[in-house]
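> I have a structure I would like to understand better, so I am pasting it below and will then ask my questions one at a time.
A short reminder: the numbers here are calculations on the coordinates, not readings from a lab. Everything quoted here is computed from the prediction, not taken from an experiment. With ideal geometry, Cβ positions are generated from the backbone for all residues, glycine too; neighbour counts draw on all protein chains shown.
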Amino acid sequence: MNFKDSVEEAAFRQEVREFIKKEAPVNDGRGPDPFASRGQYSGWTKKLAERKWIAPAWPKEYGGAGMSVMEQFIFNSELAEARAPRVGGIATSFAGPTLIHHGTEEQKQKYLPEILDGETIWCQGYSEPGSGSDLASLQTRAIRDGDDYVVNGQKIWTSGGHVAKWMILLARTDPTAPKHRGITYFIVDMKSPGMTVRPLINMADSHEFNEVFFEDVRVPKENVIGEENRGWYLAQTTLSFERSNIGSAVGARQNIEDMITYAKENRGNGRSMLDVNPAVGVELVDRYIEAGVATLMSYKIVSIQANEGIAPGHEASVAKLYGTELNQRVYRTGMKMLGLYSQMDNKSAGPEVPLRGRMKYMYLRSIANTIEGGTSEIQRNIIATRGLGLPRG
Ligand SMILES: Cc1cc2nc3c(=O)[nH]c(=O)nc-3n(C[C@H](O)[C@H](O)[C@H](O)COP(=O)(O)OP(=O)(O)OC[C@H]3O[C@@H](n4cnc5c(N)ncnc54)[C@H](O)[C@@H]3O)c2cc1C
């Protein structure tokens, strides 16, 4: 494989780099503040929107940048290298592509422009207390009543539900049909009467996700995307996204580099943390090598996507599984290196704590990495059956 950019790719990389240097929020070298609010980045979001870089993978006719898979890879790599905040999320990755492929003209005109301004937050109402990995078993019910559907049930782990304007909702419209065939895809206004959003605070002391309850919530029939009972298939819609996970691989390497710099710069009685605990130095070397392996996996995936024109299958599961478990190892190493300092974060102990308190926050937050977006066990099942041809367990 050739790792060198083509002439065009090098020019594009330079363009992205210069844009980031000029427009991205100032990076003081200590890495992102895990408790920064979205509002802090609104200037940056606006600049991205002006470039049509909120949804770089969307076709130009729908307001995206129409970037090729390789351009997205370069864009994502450079954003990660500069530690620039990402925008988009559910709106650009799930809601927008589904609307582009399956929405009516009215729906596209109503929702796509505000997704592209980068400020409107969407959330995803898929998981329920009894349905996560086996999502098609979901029980939230939507019953047609005149021009509306009446929704009753509960969603859980709804990221951003407390700040979202819209939800993409999967609800059961035909309980007699086989489970994948009785689900409909809705857009729901988060201010609808009968909806209650209750916070779930994660163990990193951060409010990211929520429980959402539906009590006789009326959703107009115009808010159904695609056909009734075809929602399961719509929920699989994606555009030609770069799926390499390069941001995660770059982030792992940067965290290791940060730890090494911190250890070198902070000496007590003339000794660095690594002099005191040399075993951590050995771990840092292992993590550094593993971050390199994760980067190579990302290159392999983008090469499959860009050169063979096919979506990666089990290879994306390999990268997700490896990258998220590596994240947990990286932060475990960080916690060991910082010793008792690792228990502080900038929320509880002020801005001057080592590495902005990122180790503690991310050590706790990274536990969820192997659950969100499909658990490690599910990724292993995919790799076993689709990748290695092993029988289902
Ligand atoms: C930080 C975070 C954010 C999230 N955000 C959202 C969101 O915005 N919207 C949303 O809808 N959901 C969201 N989720 C939910 C997420 O999609 C589910 O947690 C995930 O799919 C797992 O489902 P579950 O929690 O119900 O666990 P379960 O599916 O009940 O799994 C429990 C355990 O059993 C294992 N298991 C299950 N089935 C199998 C199997 N077939 N073979 C082997 N092992 C198995 C799992 O790996 C896991 O260890 C979020 C989750 C997290 C952690």
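> Taking amide H positions as placed 1.01 Å from N in the peptide plane, with prolines and chain starts having none, which residues 5 or more places from ALA171, or on another chain, fall under 5 Å of its amide H?
THR184, PHE186
> Another question, if that's okay. Determine the gain in length on full extension of the stretch ARG271-GLU8; use 0.36 nm per residue of separation and subtract their C-alpha separation, reporting nm with one decimal. Could you put the intermediate results ahead of the total?
On the way: separation 263, 0.36 × 263 = 94.68 nm, distance 4.80 nm.
Full-extension gain reported as 89.9 nm.
> Under the Karplus relation 6.51 cos²θ - 1.76 cosθ + 1.60, θ = phi - 60°, what is the ordered set of whole-Hz ³J(HN,Hα) values for the range 87-97, x standing for Gly and Pro?
So the Karplus estimates, Gly and Pro as x, are 10, x, x, 4, 4, 8, 8, 10, 4, x, x Hz.
> Pairing the Cα long axis of helix 246-265 with the longest principal axis of the chain, what angle in degrees results, from 0 to 90 and rounded to the nearest 10?
Here the helix axis deviates by roughly 30 degrees.
> Using 1/(1 + (r/R0)^6) with R0 = 45 angstrom and r between the beta carbons of HIS314 and ASP147, what's the FRET efficiency to the nearest 0.05?
Values: r = 44 Å, r/R0 = 0.98.
Using R0 = 45 Å, I get an efficiency of 0.55.
> Kindly provide log₁₀ I(q)/I(0) values, in the same order as q = 0.13 Å⁻¹, from the Debye equation applied to equal alpha-carbon scatterers of the range 260-393.
After summing over all Cα pairs, the log10 values are -0.69.
> Follow-up. Could you work out how far apart the two model spin labels at ASP205 and ILE371 are, taking each label as a point 7 Å from the Cα in the direction of the beta carbon, and quote it in nm?
Spacing of the two 7 Å Cα→Cβ label points: 2.0 nm.
> I want to verify a result. In a Gaussian network model of the chain, Cα cutoff 10 Å, which of these has the top mean-square fluctuation: ASN277, ASN269, ASN245?
The residue that fluctuates most here is ASN269.
> Helix 7-23 against the longest principal axis of the chain: what's the angle in degrees, Cα atoms only, rounded to the nearest 10?
Taking Cα atoms only, the helix is inclined about 90 degrees.
> Which one of GLU228, GLU71, GLU15 has the biggest mean-square fluctuation once the chain is modelled by GNM with Cα springs under 10 Å?
Residue with maximal mean-square fluctuation among GLU228, GLU71, GLU15: GLU15.
> By how many nm would the segment from ARG386 to HIS101 grow when fully extended, if each residue of separation counts as 0.36 nm and the alpha-carbon distance is taken off?
Details: separation 285, 0.36 × 285 = 102.60 nm, distance 2.65 nm.
Taking ARG386 through HIS101 to full extension adds about 99.9 nm, to one decimal.
> Work out, in µm²/s and without decimals, the Stokes-Einstein translational diffusion coefficient of the range 122-234 at 10 °C, 1.306 mPa s, Rh from Kirkwood over C-alpha pairs.
114
> Given the -39500 (n - 2.57) contribution per DSSP H run of 4+ residues, what per-residue ellipticity at 222 nm results for the chain, rounded to the nearest 500 deg cm²/dmol?
Result for the chain, helices only: -13000 deg cm²/dmol.
> While we're here: Give the lysines whose C-alpha is closer than 18 Å to that of LYS21, dropping any in the same chain fewer than 8 places away, or say none.
LYS46, LYS47, LYS52
> Report, in whole Å, the centroid distance computed from the Cα atoms of the range 264-307 and the range 162-211.
About 38 Å separates the Cα centre of the range 264-307 from the one of the range 162-211.
> Could you put TRP232, TRP166 in order, starting from the residue whose Cβ has the fewest other Cβ atoms within 10 Å? Could you put the intermediate results ahead of the total?
Working: TRP232 18, TRP166 21.
Starting with the residue having the fewest Cβ neighbours, the order is TRP232, TRP166.
> Can you run phi through the Karplus equation (6.51, -1.76, 1.60; θ = phi - 60°) for the range 226-240 and list ³J(HN,Hα) in whole Hz, with x for Gly and Pro?
Each residue of the range 226-240 in turn: x, 8, 4, 6, 10, x, 4, 6, 5, 5, 8, 5, 9, 9, 7 Hz.
> Provide, for q = 0.08 Å⁻¹, the log10 of I(q)/I(0) from a solvent-free Debye sum over equal Cα point scatterers in the chain.
Treating every Cα as an identical point scatterer, log10 I(q)/I(0) equals -0.47.
> Taking neighbour Cβ counts within 10 Å as the exposure measure, how do VAL150, VAL250 sort from fewest upward?
Numbers: VAL150 17, VAL250 22.
The most exposed by this proxy come first: VAL150, VAL250.
> Let me ask something additional. Can you give the convex hull volume of the alpha carbon atoms of the range 196-347 per residue, in Å³? Walk me through the numbers before you get to the answer.
Numbers: hull volume 24.5 nm³, N = 152.
Dividing the Cα hull volume of the range 196-347 by its residues yields 161 Å³.
> Could you tell me whether the range 200-269 comes out rounded, prolate or oblate from its Cα gyration tensor? Rule is a ≥ b ≥ c as square roots of the eigenvalues, rounded for a/c under 1.5, then prolate if a/b exceeds b/c, otherwise oblate.
Values: a/c = 6.36, a/b = 2.08, b/c = 3.06.
It is oblate, given that a/c is not under 1.5 and a/b is not larger than b/c.
> In a GNM of the chain with a 10 Å cut-off on Cα contacts, which of GLY357, GLY146, GLY374 has the highest mean-square fluctuation?
GLY146
> Using only Cα atoms and rounding to the nearest 10 degrees, what angle (0 to 90) does helix 69-81 make with the longest principal axis of the chain?
50
> Under a plain spin-label model, where a point goes 7 Å from the Cα along Cα-to-Cβ, how far apart in nm are ALA136 and ASP189?
Each label point lies 7 Å from its Cα, and together they span 3.4 nm.
> Starting from the amide H of GLU372, placed 1.01 Å from N in the peptide plane, find each other amide H under 5 Å away whose residue is 5 or more places distant or on another chain.
none
> Next question. Can you run phi through the Karplus equation (6.51, -1.76, 1.60; θ = phi - 60°) for the range 185-193 and list ³J(HN,Hα) in whole Hz, with x for Gly and Pro?
9, 10, 10, 10, 6, 5, 8, 4, x
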